[in-house]
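A short worksheet on the structure shown next.
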Amino acid sequence: QVQLVESGGGLVQPGGSLRLSCAASGSIFSINAMGWYRQAPGKEREVVAAIRSGGSTNYADSVKGRFTISSDNAKNTAYLQMNSLKPEDTAVYYCTAGPGNWGATYWGQGTQVTVSS
């Protein structure tokens with residue numbers, strides 16, 4: 001089992017920035033990838049970004065050029081730097097981890113990101 005704890009959500013104005021953090025613990029050896037998903041009210045959950053143990057990354061088209069996923073293996077922590085935030089980025093953001101390429105086996109509790117003036 002892997003436990004994930006997210007932090008860093010909050011309220012930000014359009015055009016602003018936030019950085020989400022996700023600390024992993026437990027069976028860290030089983031993790032090949034960590035990712036971030038989000039779910040907005042009334043919408044399906046969608047993948048935002050993923051990073052793999054070799055360093056490769058993938059992003060949803062809607063966040064390319066604005067969001068950056070990274071990881072600190074020494075701290076077992078993944079980050080999501082979100083810049084140029086838009087109201088449509090408002091959602092609950094979930095950290096994930098797992099052996100697959102999108103790391104969607106284990107899920108954190110979610111952190112709310114609200115982009116509003």
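The values are calculated or read from the model by the stated rules, or taken from the named source; none is laboratory data. What you are looking at is a predicted structure, and each value in this text was computed from that prediction instead of being measured. Here the Cβ is made from the backbone with ideal geometry for all residues, glycine too, and neighbour counts use every protein chain on show. Just the protein is used for accessible areas: all its heavy atoms, side chains included, with ligands, DNA and RNA removed. Shrake-Rupley method; radii C 1.70, N 1.55, O 1.52, S 1.80 Å.
Condition check: out of contact with any Asp or Glu (no Cβ under 6 Å at 6 or more places or on another chain) and assigned to a loop (DSSP other than H, G, I, E, B). Does Ser70 satisfy that? Reasoning before the result, please.
On the way: out of contact with any Asp or Glu (no Cβ under 6 Å at 6 or more places or on another chain): yes; assigned to a loop (DSSP other than H, G, I, E, B): no.
Taking the combined requirement at face value, the residue does not satisfy it.
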* To do: Go through segment 105-115 and count every residue that is open to solvent by 60 Å² or more (accessible area, probe 1.4 Å) and either part of a loop (DSSP other than H, G, I, E, B) or modelled with pLDDT under 90 (or both).
  => 2
* State all residues of segment 78-92 that are in a strand (DSSP E or B) and touching a Gly at 6+ places or on another chain (Cβ under 7 Å); if no residue qualifies, say none. => Val92
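Identify the residue in segment 75-104 that is open to solvent by 30 Å² or more (accessible area, probe 1.4 Å) and in contact with a Pro (Cβ under 7 Å, 6 or more places away or on another chain) and, among all such residues, is farthest from Val63 (Cα to Cα). Spell out how you get there, then give the answer.
Within segment 75-104, the first condition is being open to solvent by 30 Å² or more (accessible area, probe 1.4 Å), and the residues that meet it are 75-76, 79, 81, 83-84, 86-88, 90, 92, 94, 99-102, 104.
Keeping just the survivors that are in contact with a Pro (Cβ under 7 Å, 6 or more places away or on another chain) gives 86-87.
Values: Lys86: 10, Pro87: 13 Å.
Of everything passing the filter in segment 75-104, Pro87 is farthest from Val63 (Cα to Cα).
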